[in-house]
Each structure stands twice: as structure tokens, then as C-alpha cells.
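Right, one structure below, let's go through it.
The values are calculated or read from the model by the stated rules, or taken from the named source; none is laboratory data. None of the values given here were measured: they were computed from a predicted structure. Here the Cβ positions follow ideal geometry from the backbone for every residue, glycine too, while neighbour counts run over all protein chains shown. Note: areas computed on protein heavy atoms with side chains; ligands, DNA, RNA excluded. Shrake-Rupley method; radii C 1.70, N 1.55, O 1.52, S 1.80 Å.
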Amino acid sequence: MSEPILSLRKVNKKIGKNHIIKDLSFDVYPGEVFGFLGPNGAGKTTTIRMIVGLTNITSGEIIVNGNSISKNYKKAIENIGAIVENPELYPYLTARKNLIHFGRMSNNVTKEDIQHRLELVNLDHVKDEKVARFSLGMKQRLGIAQAMLHNPKILILDEPTNGLDPAGIRQMRDYLRKVAKEEGIAILVSSHVLSEMELMCDRFAIIQKGELVQVEDVSSEEQADIANRHIFEVNDVEKAKDILLSEYPDIAIEIHDNLLQVDATKEQIGSFITYLTSKGIILYQVIREKQTLEERFLQATNGEVS
Amino acid sequence: MLLLKLIQNEWMKLFNRVSTYVMLGILLLGIVLTAVVIFFNQTESSDLPSEEDWKQELTISNESYKQTEEEAFNYFTESYAINQQAINNYRIENNISPHEETNVWTYMDTNILLIQLIGVFVIIVGSSIVAHEFNKGTIKLLLVRSASRNQILASKFITTLLFGILLLAITFVLSFIIGSILFGFDGSSVHLSAIDGEVTERSRILFLGLSYLASSVSVLMLTAMAFMISTIFRSETIAIALSVMLLFIGSTATGILALFTDWAKYSLFANTNLELYFTDGPLIEGMTLGFSVAVLIVYLILFLFFSFLFFKKRDVSI
């Protein structure tokens, strides 16, 4: 992969005696949607606050496009578009005036840019209505439009699907994926709702109690060298189990609901199928049981979901 | 330039809020109301006392000032009595009556009272322009951009001042227009003031301009104070309550304090009334215009210094 656009290096945050973030390190690359997951209170928002400079870093470094956020704030923040927690826009201004307001704070944001962004997030028809009348979903979309006005290299969104209906979530997901792929922007999305993140993110980090638990690809389970659970539907489970165990005594195998559960890599499964068939067992189907992000999350956090 | 754009933003936000129009409405109502009251209580030339009468009146008043002068137990009371006698003598010698027909200047003089109202409004704006962003959470989107916190706070303070200047200009200009239509320029007199017994004659328009400016000084200082309080506590309520209270009782309290100690001259309100240096002389012996201006600048710098210090340092945790 190319150079990371955002890089956290052993970041710590202490407030008084509380050690809120401990040695947190991860990288986010251009063009990817990076999920930042953890239970409520794990330190997701604190980390985002540190990335955008709303709170000081106790120790460690946050680098945005080569600039340290604490030493070279102005250069670093120019690359960031962000929504921290709720998209809090000015309720007494219209959607268009909100964008004019934030556009004036950056160089070279034209009327056309504002119009373009309004159209992209599908708010063109209500641009002259006051934000106070907007639904949460509309505010989220306007929040994204303001975050992207100055063409940032990384978009940081804190719980962007909060309060959205399923259609809104889907729309948001499609839009973010499109933006990441087409404009090559990196997107960091924090969430505690995992089923949504699974469909949205390329990679994710899980934090718990301020510590990084793991970073991995959403698709990592498809790698050939990792043992996954497979379900075999056969005509005679007892016989099939005995046959397999006699040939491969080390494998984990169980009978469950008249089905055979086997933990094995892709390669092993291939030879199991050939072997069972040669011994006269009839195979109806073999299914690889997909471990959902949620299950992996629970595994990583020892089931401590708030 | 970024700062100009930020001021433009603050101005846009200010004038998209209902409360701003409520304030403007109340101010206009005040201007109209004083005009109506004065219109129905006009002093006509027939109401004016004869030369003999007002000279008699001034002679009596001088006797009582003489007594005050002799019994006075502090500097200001004494110098005030001396100056009033000087003015009265000047009137008698030069035949300048203290009474005049109602005219545009007397109306504008009355409207100086409205500067107190403007003070309240500017304090409200100064208190809410920062605290409101924190209350609504919009401060986060404002700060996570390349404008520095200094620039953002400066734009807010400058906008508050511009709003004050706008209200002041509206009051001055509108009072002049309404006054000249309703009351005209007839029967206007000169403005007399005396310092150390020396009488000065000034044109009314010049003196009114001076009064409006001088009255605005306390508004400026209290706005800076309200701005500081709201930036430190991030609460509109505390800032507004404290500043408005001081606006109304500050100079009275300082006046009382000045009776007992000369240290009162370092207090804010002993120095906000700069008009005194042109009319009655200093509040406390030894104070000069330069001294007061210096004290005011020190206060202003302190208020702004603490505003910027706290705004820059603090984590935004809302």
C-alpha cells in the first residue's frame, strides 16, 4: 500500500489519574474506509478529538499527510474534513448559508462547489430551508457536505449512522464507499454498530478501554491459511466422523444438529471432501460458516459490549 | 483575508437570529417613545421664565452651592459646587438663560439614556457570541479548520464591537433626523461647562457627539468584560447578569467608594466616565484624562488577554 494519510503513533491521553487512551497506533491509507470500532466509552471520540486537535495529546504523535497535528496544526488540519459526534450545524441558518459559512473558512471554495456538494448529498431541493427543520439524516448529509467542502484527503466521521433509518444508512454507506473509491479519499468511521461497519469498511481497528485490541481486514477470514468453521451435510454423520478421525486424528470435529462441524483451512477441506466421497459417504453440501464482524468483535473484546 | 471572512461569517450568523431583530426593534421603539413623550411635554417660548426670574433663580442656586462648597467633605462635591457657581455667574453675566425651548439637541440629550439599553444589548451579544457556539456544539466544526483560535475569537470580538457601533450610529442618526423634523433647531443654546472655575462654551452638536462617545466607553469596557466571562465560564447567563448589573450600579458604587478612599481611582468605573474631564473636572483630585485612558487600556488588555488565554488553552469537550 501507499503512504498512510493518517498515522497514530503510540498515542496516549491522560486526564488526571485516568489513562483514557493507551499506546494507540494505527494507520489509515488513501482510498480505504477504515472502521474504528469499540464499545461506548472505549475512547473512540477522545481519539477523534485528538486527531482533529480539539483536545491535547498527552504523549505520542498523530501525523496527517506528513504533518504533526500538535506541532503543525494548520497544515495538518487542512487535510481533514470531520464531524465530531453529532453534525451540529447552525439551526437558524439555511443549508446553503451553513455551507457558505464553512466555505469562507477555506480558500477557493466557490458557489459552484457549494452547489455541487449540495447535489451530491441530495439536499439541493431544501438548500434554502433552515437546518432547524431538517431530520437527523439530512443533518448527517449536510455534515458530510461541509466536511468535504475543502476537498480534504481524509474524512473523519464519528458515528455517522447514528439515528439514521435503514434506507439512510444504506445511502450513507453507498455514498462513503463511492467517495473513497472515486476520489481516493481515506475515510475513518467510528461506530459501535458492527453490522453496518461490516458492509462499509475495508479494514477496521477495535479498541477497548483505550487500548487497541486488533486491526484487520474485513475480508481476512477468506485467506486460505486460516482455519474456519465448515458445516458438512452428509447421509450418515457418525460414520463420516469416524472416517475423518481415523485418517486425520488432529482435526477439531463435532456433531451438531445432525450436521458435521469441522474447523479447517480451505486446502484441508478439499482433501476431506475427496476422502469422504471415496469412502462412500454422500455429501449434500459443505458451507463455510462466516464469522461476522460482530462475532469477531465479541471474541476480541471478550464479549464486553456495552 | 481570513479574518475579514470570519467577521463576515459572524455578522451573517448575528443577522440570521431572531434575537438580533428583537433588540433592534426595542431600540427603535425606545427612540420613538422618547420622541412621543417629549413631543407632548414641549417647552414653548411662552413657557420660558423671564430674564429677571431665571437670574433670580440662579442667584438662589448659587447660594446653596456656596454652602455645599464650604461643607463639602470630598474633592468631587467641592469642585462640582465651585464649577456650578462659575457656570451660573457666566450665564448671568453673558445673559445666557439655562432654559430653552425643546429642540433637536434637548431630544438627543435625552436619548443618551438609550446608550444604557444599547449597553445591555451589546453585552448580550458579546456574552452569547462565544458561549452560544459551545452550547449548540457548533464550536467543534468551527475549530477543526485552518483558522486559528486567535483569529476566531478576534473575529467574534470585532463583530460585537461593530454591532455596538451600528446601534450607536442608528441611535445618533435617527435621533437627529426625528429631532430635527419634530422639534427643529429653534431656541438652541450653547453648552457650558466649567473646570476649576473656568467656564468653556461649546457648540451643542460637538458636545453631543462627545457625550455619545464618552457614554459608549463603559459599554465597550463591560462588553470586553462580558466577553471574557463568557469565554472563561462558557455560560451566557453568568456573563450577562454580572455585566448588566455592573453597567447599572458600577458608577454609583464607585462614586460611593470614592468618598472613602483615593484608591477608587484605579477602579474601572472611576475612569469610564471620560466626559467628566470636559465638563466638571475629575472625580478624584489628581486624575487626568491621560490617567483614565491608561487605566481603561490596562483593563481592556487584561479582559482580552484572559479571553484569549482561556479560549486557546482549553480542551473542547462538548
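General remarks:
- The relative contact order of chain B comes to 24 percent, based on Cα pairs under 8 Å that sit 6 or more residues apart.
- In degrees, nearest ten, helix A:237-247 long axis to first principal axis of chain A (Cα): 90
- In nm, spacing of pseudo-spin labels at A:Q299 and A:D263 (7 Å Cα→C-beta vector): 0.8
- Taking 0.36 nm per residue of separation and subtracting the Cα-Cα distance, full extension of the segment from B:L257 to B:N95 would add 54.5 nm.
- Probe 1.4 Å, protein heavy atoms only - accessible area per residue of region B:225-270 in square angstrom: 50
- Within the accessible area of region B:192-288 (1.4 Å probe), percent carbon and sulfur: 68
- Relative contact order for chain A, counting Cα pairs under 8 Å that sit 6 or more residues apart, in percent: 20
- Helix A:111-120 and the longest principal axis of the C-alpha atoms of chain A enclose an angle of approximately 30°.
- Of the DSSP H helices in chain B, those that are both long (alpha-carbon extent of 27 Å or more along the helix axis) and hydrophobic (Kyte-Doolittle mean at least 0.5) are B:18-39, B:114-136, B:149-182, B:204-233, B:236-260, B:289-313.
- Separation of alpha-carbon centers, region B:38-66 and region B:160-205, rounded to whole Å: 22
- Rounded to the nearest 20 debye, dipole of region B:49-99 from Cβ charges on Lys, Arg, Asp, Glu: 140
- When the alpha carbon coordinates of region B:49-99 are projected onto the principal axes, the ranges are 36, 15, 15 Å, largest first.
- For region B:162-255, the gyration tensor built on C-alpha atoms gives an oblate shape. Its axis ratio a/c (a ≥ b ≥ c) is at least 1.5, and a/b is not larger than b/c.
- Solvent exposure ordering (accessible area, 1.4 Å, most first) of A:M138, B:M221: A:M138, B:M221
- What the Cβ-Cβ distance of B:V298 and A:E61 gives, at R0 = 30 Å and to the nearest 0.05, is a FRET efficiency of 0.15.
- Placing dummy labels 7 Å off each Cα toward the beta-carbon, the span from B:S45 to A:T274 is 12.6 nm.
- Among B:T231, B:T171, B:T200, the largest mean-square fluctuation in a Gaussian network model of chain B (Cα springs under 10 Å) belongs to B:T200.
- Chain A - mean residue ellipticity at 222 nm from DSSP helices (-39,500 (n - 2.57) per run, n ≥ 4, rounded to 500): -10000 deg cm²/dmol
- A:R170 versus B:L33: modelled label distance in nm, points set 7 Å from Cα along the beta carbon direction: 5.9
- Heavy-atom surface analysis with a 1.4 Å probe gives chain A a carbon and sulfur content of 46 percent of its accessible area.
- Two-site FRET efficiency, B:T200 against A:S68, from Cβ-Cβ distance with R₀ of 56 Å, rounded to 0.05: 0.30
- Label-zone membership for region B:69-98, site B:F185, 7 angstrom Cα→C-beta point, backbone N under 19 Å: none
- Accessible surface buried at the B:A interface totals approximately 2800 Å², computed with a 1.4 Å probe on protein heavy atoms.
- Taking all protein chains into account, the per residue accessible area for chain A stands at 47 Å² (1.4 Å probe).
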